1. What's the ranking of 236-247, 122-133 by average number of surrounding C-beta atoms within 10 Å, highest first?
2. Check residue 123: other-chain or 5+ apart residues with amide H under 5 Å from its amide H, H built from backbone geometry?
3. So what is the 222 nm mean residue ellipticity for the chain from helices alone, if each DSSP H run of at least 4 adds -39500 (n - 2.57) and you divide by all residues, rounding to the nearest 500 deg cm²/dmol?
4. If packing is taken as the average number of other Cβ atoms within 10 Å across a peptide's residues, how do 302-314, 141-153 rank, most packed first?
5. To the nearest 20 Debye, how big is the dipole of the chain about its Cα centre, given +1 on the beta carbon of each Lys and Arg and -1 on that of each Asp and Glu?
6. Whole Å is fine, so just give me how far the alpha carbon centre of segment 324-384 lies from that of segment 201-258.
7. Leaving out same-chain residues fewer than 8 places away, which lysines sit with a Cα under 21 Å from that of residue 222?
8. Mind giving me the FRET efficiency for residue 375 and residue 35? R0 is 45 Å, r the Cβ-Cβ distance, nearest 0.05 is fine.
Amino acid sequence: MLQKLSILLFVLGIGCTTFAQDAYLDAKAENKEKTYVGQKTYRVKTFKQNFKAKKPKNIILLIGDGMGVTEVFSGLTANKGHLFLENFKAIGFSQTQSADNYITDSAAGGTALSTGKRTYNGAISVDMDKKPLKTILEEAEESGLATGLVATSAITHATPAVFIAHQPQRNMYEEIAADFLKTDIDVFIGGGKAHFTQRKDGRNLVEELKAKGYRYEEDINKIKRVKNGKLAALTADIHNGRVKERGELLPIATKTAIRILSNNKKGFFLMVEGSQIDWGGHANSTIYIVEEMLDFDRAIGKALEFAEKDGETLLVVTADHETGGMAITGGGFDTGSVTAAFPTHHHTAVMVPVFAYGPGAEEFTGIMKNTDIHDKIKELLLGK
Ligand code: MG
Ligand code: ZN
C-alpha cells in the first residue's frame with residue numbers, strides 16, 4: 001500500500017523526487033522487517049514452584065515496554081515453543097489507560113505502575129497538577145530496602161525515570177538525571193551518559209555520583225564483576241544499540257543488579273526494563289520485536305534463577321502498553337519464523353499480560369488496572 005502510494009507520488013511528480021524515492025525504499029525495507037526468519041534457539045529451564053515464604057522479601061518488576069500478548073507469542077514461536085515465561089503460573093491482564101487518554105504513553109503507563117496513580121501522558125511521576133507522587137522505589141528505600149533500575153534505553157528514558165524522578169515532561173532528560181542524585185538508589189545500569197555529563201548547567205553528575213560513594217562503570221565486562229557497594233553504570237551516551245550490538249547486556253545487567261541488591265538483609269526492589277520491544281513495535285518490525293522479546297525473556301531467566309534459589313523473591317512481569325497492534329499472520333513452531341501485520345505505528349489501548357512467580361504471585365491473576373499492580377507490590381513488599 002505504502003509502496004504503491006510512493007510509486008504513484010513518484011510518477012506524478014508530486015512533492016520532492018528524493019522524498020518519493022526515499023519513501024519507496026523505506027517501504028521496501030519495512031516489508032522485509034515484517035518476517036522474522038527462525039534462528040538458533042536457547043534452552044529454557046523449568047523452575048520449582050514451591051516457595052520458602054508466604055510473603056516476598058524481594059520484588060523484581062520486569063517491564064517489557066510495548067509487550068502485548070502477541071509480542072510474547074512472537075517470541076514463543078521464534079524460540080520454537082518455549083520461553084522462560086512459561087514458568088509463571090499466575091497470569092492476569094492489566095488495563096493500561098492513562099488519566100487523560102484511552103491510549104497511554106510510557107511515562108503515564110510507567111507512573112501508574114510506579115506510584116499507583118494515573119496521570120497525564122508525558123508525566124514522570126507527577127500528578128495532574130504536576131505535584132510529585134511517591135514511587136515504590138522511594139518507599140522501598142525509606143523502609144531500608146536496597147533498590148535498583150536496569151534498562152537497555154537511557155536510564156533517563158520514561159520507564160526507568162518514573163521510578164526515581166519527578167518531572168512534568170518526559171523529555172526533561174537532564175532534570176531527570178539530576179533527580180538520581182536526590183535518592184540513595186543502590187544500583188542503576190543503562191544508557192544516558194550524556195544526560196549526566198554533557199549538561200546545560202555544567203554539572204558533571206558522574207563526578208557527583210562518585211563523590212557520593214558510587215562505583216562508576218561503562219563497560220559491561222567490568223560491570224558484571226561488581227559484587228557489592230553502590231554501582232552507577234552508564235553503558236551508552238544515549239540508548240544502547242540493538243541486541244546484535246549490545247549482546248547479553250540486559251541478562252548480565254539483571255544478574256549483576258540482583259547480586260548486588262541481595263546483600264541487603266531487609267530485601268530489595270528492582271525494576272528491569274526490556275526497553276526496545278516498544279521500538280520494534282513503533283517501527284512495525286517483527287525482527288526487532290522478536291530479538292528484543294527473546295532478550296527480555298533471557299533476562300527473566302536470570303531473575304528466575306535467583307528467585308528459585310532464594311525462595312523469598314516475587315517476580316512480576318508486565319508491560320506499560322502494547323505497541324503497533326501486532327497481529328501474527330504467519331509462521332510456525334517448527335521453523336521459528338514469524339510474520340506479522342501492524343495497523344498502527346503507535347501504542348494501542350489493549351490489555352497487556354501480567355505474569356507472576358514466587359510468594360504472593362496469586363495476587364496478580366484476573367483483570368486489573370495498571371495501578372493495582374503497584375498497590376499489590378507495595379502491600380506485599382512493605383505491608384502497606
Ligand atoms: Mg520504556
Ligand atoms: Zn512507545
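1. Working: 236-247: 16.2, 122-133: 18.5.
Highest to lowest by the protection proxy: 122-133, 236-247.
2. Excluding prolines and chain starts, which carry no amide H, the hits are 108.
3. Only helices count here, giving -10500 deg cm²/dmol.
4. Output ranking for 302-314, 141-153: 141-153, 302-314.
5. In total the dipole reaches around 1120 debye.
6. Cα centres, segment 324-384 to segment 201-258: 28 Å.
7. Those lysines meeting the cut-off are 193, 210, 212, 230, 244, 255, 302.
8. Numbers: r = 41 Å, r/R0 = 0.91.
My answer for the efficiency is 0.65.
No value in this document is a laboratory result; all are computed from the given coordinates. It should be emphasised that the depicted structure is a prediction, and the values quoted were computed from it without experimental measurement. In this analysis, Cβ positions are derived from the backbone assuming ideal geometry, glycine residues included, and neighbour counts consider all displayed protein chains.
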